[in-house]
Amino acid sequence: MHTTEITLEVNGESRSVTVRNADTLLYVIREKLGLTGAKPGCLHGDCGTCTIDVDGNPMKSCLMLAVEAQGAKITTVEGLNYTALQAEFVEKFAFQCGYCTPGFIMNAHALIKKYPYANDMTIKEWLESNICRCTGYKEIEDAVKAALAAALTAMQQQG
């Protein structure tokens, strides 16, 4: 079995890890780096539970090989350090079992950065890439809208 040592920048920290060329980024993040926020779900890119941020874009880490992530800036839910978005998920009860929540948060985090003026349709389109089997999406949409409003207020206060 051929292995390679790679360096990944995860949550602002460089981490060296030995991987097989076939190892997914999800596997490496969870099993080699111990960051278990991104969850294995369908492992086919359909459910979004494994969503992380790669260079400012939401990425389903089950679809990306770890060796492809060298040189990229990776952020997992652990790297968010309790953002306003996470607070709104709690405040709006935007979860039940919580298994899919990190993926939704990472997807919404990228949405807020890319589209700070996102309308309802844009929010719905972005949330379509993640699946929750426990709850309705209204609370999740409400949390994202509240976080967008908070981000806009913060931007306006900064000038």
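The values are calculated or read from the model by the stated rules, or taken from the named source; none is laboratory data. In this text, all values refer to a predicted model and were calculated from it rather than measured experimentally. Cβ: placed from backbone, ideal geometry, glycine included. Neighbour counts: every protein chain shown.
Here is how the numbers come out for the structure above:
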| read-out | value |
| --- | --- |
| Subset of the stretch 18-44 that is buried (at least 20 other Cβ atoms within 10 Å of the Cβ), within 13 Å of Cys62 (Cα to Cα) and of a type in the set (A, V, I, L, M, F, W, C) - its residue that is farthest from the chain's Cα centre (by Cα) | Val28 |
| Candidates Ala72, Ala84, filtered to the one that is more than 23 Å from Gly45 (Cα to Cα) and small (Gly, Ala, Ser) | Ala84 |
| Search result, residues across the stretch 50-65 that are hydrophobic (A, V, I, L, M, F, W, C) and within 8 Å of the chain's Cα centre (by Cα) | Cys50, Ile52, Met59 |
| Where Asp120 falls short, out of the listed (1) surrounded by fewer than 16 Cβ atoms within 10 Å (Cβ to Cβ); (2) touching a residue at least 40 places away in the same chain (Cβ under 8 Å); (3) not assigned by TED's automatic domain parsing to the domain that holds Glu9 | (2) |
| Unmet criterion (only one of (1) within 18 Å of Glu9 (Cβ to Cβ); (2) without any contact (Cβ under 8 Å) to a residue 60 or more places away in the chain; (3) surrounded by 20 or more Cβ atoms within 10 Å (Cβ to Cβ); (4) not β-branched (Val, Ile, Thr)) for Asn107 | (1) |
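So that you can scan it fast, the table gives a plain yes or no per residue for (1) modelled with pLDDT under 95; (2) surrounded by 14 or more Cβ atoms within 10 Å (Cβ to Cβ); (3) small (Gly, Ala, Ser):
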| position | (1), (2), (3) |
| --- | --- |
| Leu8 | no, yes, no |
| Ser16 | no, no, yes |
| Ser61 | no, yes, yes |
| Tyr82 | yes, no, no |
